[in-house]
1. For a quick check of your reading: which helices (runs of 4 or more DSSP H) sit entirely within the range 51-170 and have at least 2 residues that are of a type in the set (S, T, N, Q)?
2. I'm checking my understanding of the structure. Among residues of the range 328-350 that are in a loop (DSSP other than H, G, I, E, B) and touching a residue at least 60 places away in the same chain (Cβ under 8 Å), which one is farthest from SER430 (Cα to Cα)?
3. Identify all residues within the range 378-398 that are in contact with a helix residue (DSSP H, G or I) (Cβ under 8 Å, 6 or more places away or on another chain), surrounded by fewer than 18 Cβ atoms within 10 Å (Cβ to Cβ) and more than 12 Å from GLY337 (Cα to Cα); write none if there are none.
4. Which of the residues spanning the range 234-279 are within 11 Å of the ligand (Cβ to nearest atom) and among the charged types (D, E, K, R)?
5. Within the bounds of the range 248-257, is there any residue that is touching a residue at least 60 places away in the same chain (Cβ under 8 Å), in the same structural domain as VAL54 (by TED's automatic domain parsing) and not in a loop (DSSP other than H, G, I, E, B)?
6. Pick from GLY300, GLY306, GLY284: which is in the same structural domain as ARG152 (by TED's automatic domain parsing), touching a Cys at 6+ places or on another chain (Cβ under 7 Å), within 16 Å of the ligand (Cβ to nearest atom) and closer than 30 Å to ARG24 by Cβ?
7. Which residues, counting only those in the range 181-222, are basic (Lys, Arg), part of a helix (DSSP H, G or I) and under 20 Å from ASN278 (Cβ atoms)?
Amino acid sequence: MARAEFQSPPGTRDITEPDASRARQLIALFAEEARRAGFGRIEPPMFEDVGVFVRLGEASDVVSKELYAFEDKGGRTIALRPEFTASVCRAFVQHRPLTPWKTWYEGPAFRYDKPQKGRYRQFAQLGVEVIGSDDPDIDTEVIALAHRLLQRVGLTGHTLIINSLGDFADRPGYLSALTDYFEARIGELTDQAKATLAINPLRVLDSKRPGDAAVAEEAPTIIDHLSAEASAAFERVKDGLATLDIPFVVNPRLVRGLDYYTRTTFEFASDSLDSAQNALGGGGRYDGLVEALGGPPEPGVGFSIGVDRVLLASDAEGVFPAPPSSVDVWVVATTDGTDGLGLVHELRSAGIAADRAYDGRSMKAQMKAANRSQAPVAVIVGEDEVSAGTVSVRTMRSAAGSAPGSDAGTPQQFQVDRSKLIETVRSLLS
Ligand code: AMP
């Protein structure tokens with residue numbers, strides 16, 4: 001086949017079945033869990049004034065390198081959202097809802113990143129944000145919600161990693177200790193790490209490049225520089241997770257990408273994904289972001305999970321199968337009239353998934369299509385049925401049950417009165 005003139009742009013995919021339905025199923029599970037936990041939904045716009053995202057911190061790759069930013073026809077500089085937190089905080093500042101404001105979201109995010117398996121330029125996220133309380137129990141509840149979702153999906157091969165980044169007041173002391181340490185070993189760092197060091201030494205800690213990682217391994221940790229309050233909050237989160245039986249490990253080098261993170265940070269790292277993009281999701285507190293967007297000094301905490309990565313991990317672990325894709329009934333109509341058209345319509349109107357072949361195919365071809373469809377029931381109408389005022393109903397698979405009074409599981413074909421069609425099909429499917 002000749003190569004099509006147009007391909008989907010690099011880093012984007014056409015998500016078709018079964019993954020398209022699996023993604024919807026995951027989001028439906030999440031919507032249910034989020035609602036149970038008291039979250040309402042928000043659908044922010046997919047693009048914002050670029051400034052909204054720039055507030056996330058210019059030292060982060062998401063802002064410095066990966067933003068899809070462009071000028072619109074009105075001369076505004078717009079960016080496609082690379083994540084949701086900044087949009088949710090912007091919405092909070094704009095609408096000033098009652099606090100704590102608990103919202104959940106799902107939808108695409110865009111990052112001009114190097115495409116590879118599990119890393120796309122358009123990818124789907126789901127997540128929550130809670131704005132307006134610094135109670136560490138909320139951190140625990142937010143982590144518990146993410147944990148529960150992964151549990152309901154059936155994933156087991158991942159680890160919850162947590163850390164505390166302390167308060168802003170804890171930063172200067174720690175950053176200078178960290179900078180002194182990295183400067184003493186500057187010769188061992190990669191050029192990228194040296195550049196990052198000048199902007200945000202914290203980010204050198206989570207460099208995945210082997211040379212940097214070895215140096216970061218021995219760096220002083222923020223945990224040793226926490227204020228009494230931040231330390232107590234971290235203890236409270238750990239106690240909370242223990243109370244809820246949620247296993248975790250503390251990794252003092254988990255910093256996460258954005259400058260506004262404070263106190264609790266966490267990540268779910270999957271063993272089933274390539275190590276460079278093994279994060280199923282993550283989040284934490286961002287007690288300075290709302291204020292940076294021009295709002296009151298309200299704290300916030302949230303997480304986001306990568307939908308595509310959850311599905312990849314599910315494939316690797318053999319969990320979260322696709323929902324069945326077959327219709328319930330396949331209609332085979334060999335008359336010249338509109339019987340096929342009328343039957344599928346009647347079935348669909350009664351809430352029964354039905355499909356049929358088109359183009360006036362032969363009986364044989366239509367029965368083949370019926371088999372291929374894997375529908376458990378076929379409804380057949382030919383001239384004989386039309387003149388008798390009946391339809392023939394055929395059970396296609398043993399799972400579909402059988403005609404009343406016959407051997408269970410044996411494929412059967414029998415005629416019923418046309419007016420009994422829906423009733424008969426319903427009882428076969430139940
Ligand atoms: P982050 O805001 O970078 O922590 O992203 C949150 C989650 O979104 C990550 O844990 C991933 O699961 C997912 N994610 C981030 N970037 C990408 C990407 N380029 N492609 C696919 N998933 C991504």
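The values are calculated or read from the model by the stated rules, or taken from the named source; none is laboratory data. Predicted model, so just to flag it, every value in this text is computed and none were measured. Backbone-built Cβ (ideal geometry, glycine too); neighbour counts: all protein chains shown.
1. Numbers: elements: 61-64, 85-95, 136-153.
Counting at least 2 such residues, we get 85-95, 136-153.
2. Taking the range 328-350 as the starting set, the residues that turn out to be in a loop (DSSP other than H, G, I, E, B) are 328, 334-338, 350.
From the residues that got through so far, the ones that are touching a residue at least 60 places away in the same chain (Cβ under 8 Å) too are 328, 350.
Working: ASP328: 11, ALA350: 14 Å.
The extreme case among them is ALA350.
3. The answer is GLY389, SER392.
4. ARG256, GLU267 - these are the residues of the range 234-279 that are within 11 Å of the ligand (Cβ to nearest atom) and among the charged types (D, E, K, R).
5. yes
6. Numbers: GLY306 fails: touching a Cys at 6+ places or on another chain (Cβ under 7 Å); GLY284 fails: touching a Cys at 6+ places or on another chain (Cβ under 7 Å).
Being in the same structural domain as ARG152 (by TED's automatic domain parsing), touching a Cys at 6+ places or on another chain (Cβ under 7 Å), within 16 Å of the ligand (Cβ to nearest atom) and closer than 30 Å to ARG24 by Cβ holds for just one of GLY300, GLY306, GLY284, which is GLY300.
7. Just the residues of the range 181-222 that are basic (Lys, Arg), to begin with: 185, 194, 203, 208-209.
Filter once more, keeping what is part of a helix (DSSP H, G or I): 194, 203.
ARG203, the sole residue that qualifies.
Residues checked against (1) over 29 Å from GLU141 (Cα atoms); (2) touching an Asp or Glu at 6+ places or on another chain (Cβ under 9 Å); (3) within 12 Å of the ligand (Cβ to nearest atom); (4) not polar (S, T, N, Q):
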| residue | (1), (2), (3), (4) |
| --- | --- |
| PRO45 | no, no, no, yes |
| ARG76 | yes, yes, no, yes |
| ALA86 | no, yes, yes, yes |
| HIS95 | no, no, no, yes |
| LYS102 | no, yes, no, yes |
| PHE110 | no, yes, yes, yes |
